[in-house]
Amino acid sequence: MAQTFTTTGLILKRRDYQENDRLFYVYTREHGKIELVAKGTKKITSKLNAYLEPFYLVNLMIAKGKFFDKLANANVIKNYENLRNDKDLVGFFIINYLTEIIDALIVGQTPQNKKYDLLLELLDILNEQIKKDIPHKKEFLLMLTNIYALKLLNFLGYRPEIQRCLICHKAILLTKNIFDFSRGGVICEDCKKVCLIEDYIKVSDSVIKLLQLAEINDLKYFLDMEANLPETDEYNKVIQRLLLVNMEKPIKSQEFYKIAS
Ligand SMILES: [Zn+2]
């Protein structure tokens with residue numbers, strides 16, 4: 001009999017494979033991102049299909065295989081139904097955005113512990129917040145998601161420098177700084193005058209403060225914060241450009257953000 005093991009994970013995406021089967025990409029705590037073949041799941045009669053929607057958190061029983069490990073059984077732990085059923089499509093956008101980030105940034109089958117736990121914490125928070133009547137909800141939920149994204153970049157060793165100027169190493173004074181995406185951090189006004197810097201935007205003091213707070217506080221810290229539109233938009237833009245540099249491909253789900261309300 002084939003060797004089997006169980007694990008829990010978040011289904012990222014699936015694609016058709018051979019005549020009747022599908023391949024599933026699952027993000028797990030213990031094994032990183034894994035690829036599994038699920039026999040017969042292309043048929044609508046397959047019982048497994050009910051448990052295998054993208055962004056379901058599932059228990060999986062897996063049989064070791066020669067080319068692909070095989071999915072033997074699955075059951076759903078959580079389906080984040082508020083995000084999934086959000087009529088304004090903000091939840092749909094966030095699910096797609098997170099899928100792209102994880103798919104691009106998480107490589108290899110290594111234990112994910114903190115990164116994985118942080119993602120599940122984010123999903124629980126978003127699944128609750130999306131039900132509420134919050135001003136500028138779309139921007140606020142994207143900000144929370146981008147705080148997770150910044151923490152993920154830190155875990156992966158792509159931490160941007162936001163405490164000191166990248167060039168003169170002096171502590172950042174809150175006035176007229178820029179964010180340099182090719183070097184990955186903040187540069188002060190004096191250094192900006194004497195250096196050739198191409199890929200940058202000006203960052204306001206409140207966004208630098210938010211970047212600094214995001215680095216040291218957990219996600220719950222930000223729940224009482226109200227979205228201040230210019231600042232939240234600016235913060236989201238900085239993180240998205242930072243993600244672009246590190247993902248090395250465009251974030252397609254940004255199109256969904258435009259149509260979500
Ligand atoms: Zn400087």
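Observations
- For segment 141-164, the criterion of a residue being open to solvent by less than 20 Å² (accessible area, probe 1.4 Å), within 16 Å of the ligand (Cβ to nearest atom) and touching a helix residue (DSSP H, G or I) at 6+ places or on another chain (Cβ under 7 Å) is satisfied by at least one position.
- Test: residue in segment 203-222 that is touching a Ser or Thr at 6+ places or on another chain (Cβ under 9 Å) and within 16 Å of the ligand (Cβ to nearest atom): yes
Conditions tested, residue by residue: (1) over 14 Å from the mean Cα position of the chain (by Cα); (2) of a type outside the set (Val, Ile, Thr); (3) assigned to a helix (DSSP H, G or I); (4) not assigned by TED's automatic domain parsing to the domain that holds Phe222.
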position	(1), (2), (3), (4)
Phe55	no, yes, no, yes
Leu60	yes, yes, no, yes
Lys70	yes, yes, no, yes
Asn73	yes, yes, no, yes
Leu98	no, yes, yes, no
Thr110	yes, no, no, no
Leu126	no, yes, yes, no
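- Hits in segment 20-49 - residues which are open to solvent by 40 Å² or more (accessible area, probe 1.4 Å) and either of a type in the set (Val, Ile, Thr) or free of Cβ contacts under 8 Å to residues at least 12 places away in the same chain (or both): Ile44, Thr45, Lys47
- Segment 148-186, residues that are in a strand (DSSP E or B) and among the basic types (Lys, Arg): Arg164
- Positions within segment 179-193 being more than 10 Å from the ligand (Cβ to nearest atom) and surrounded by 14 or more Cβ atoms within 10 Å (Cβ to Cβ), in sequence order: Phe179, Asp180, Phe181, Arg183, Gly184, Gly185
- Check on Lys170, assigned by TED's automatic domain parsing to the domain that holds Gln254, without any contact (Cβ under 8 Å) to a residue 40 or more places away in the chain and open to solvent by 70 Å² or more (accessible area, probe 1.4 Å): yes
- The set of residues from segment 107-132 being modelled with pLDDT under 95 and either surrounded by 14 or more Cβ atoms within 10 Å (Cβ to Cβ) or β-branched (Val, Ile, Thr) (or both) comprises Val107, Thr110, Gln112.
- Qualifying residue in segment 229-249 (condition: within 16 Å of the ligand (Cβ to nearest atom), surrounded by 13 or more Cβ atoms within 10 Å (Cβ to Cβ) and not aliphatic (A, V, I, L, M)): no
- The single residue among Leu52, Leu60 that is at pLDDT below 95 and either closer than 22 Å to Leu118 by Cβ or out of contact with any Pro (no Cβ under 7 Å at 6 or more places or on another chain) (or both) turns out to be Leu52.
- Residue match in segment 201-224 (condition: more than 28 Å from Leu119 (Cβ to Cβ), surrounded by 13 or more Cβ atoms within 10 Å (Cβ to Cβ), in the same structural domain as Lys151 (by TED's automatic domain parsing) and out of contact with any Pro (no Cβ under 6 Å at 6 or more places or on another chain)): yes
The values are calculated or read from the model by the stated rules, or taken from the named source; none is laboratory data. All values reported here derive from a predicted model rather than from experimental measurement. Reconstructed Cβ throughout: ideal geometry from the backbone, glycine too, with neighbour counts over all protein chains shown. The protein model used for the area step is the full one, side chains on, heavy atoms only, and it has no ligands, DNA or RNA in it. Shrake-Rupley method; radii C 1.70, N 1.55, O 1.52, S 1.80 Å.
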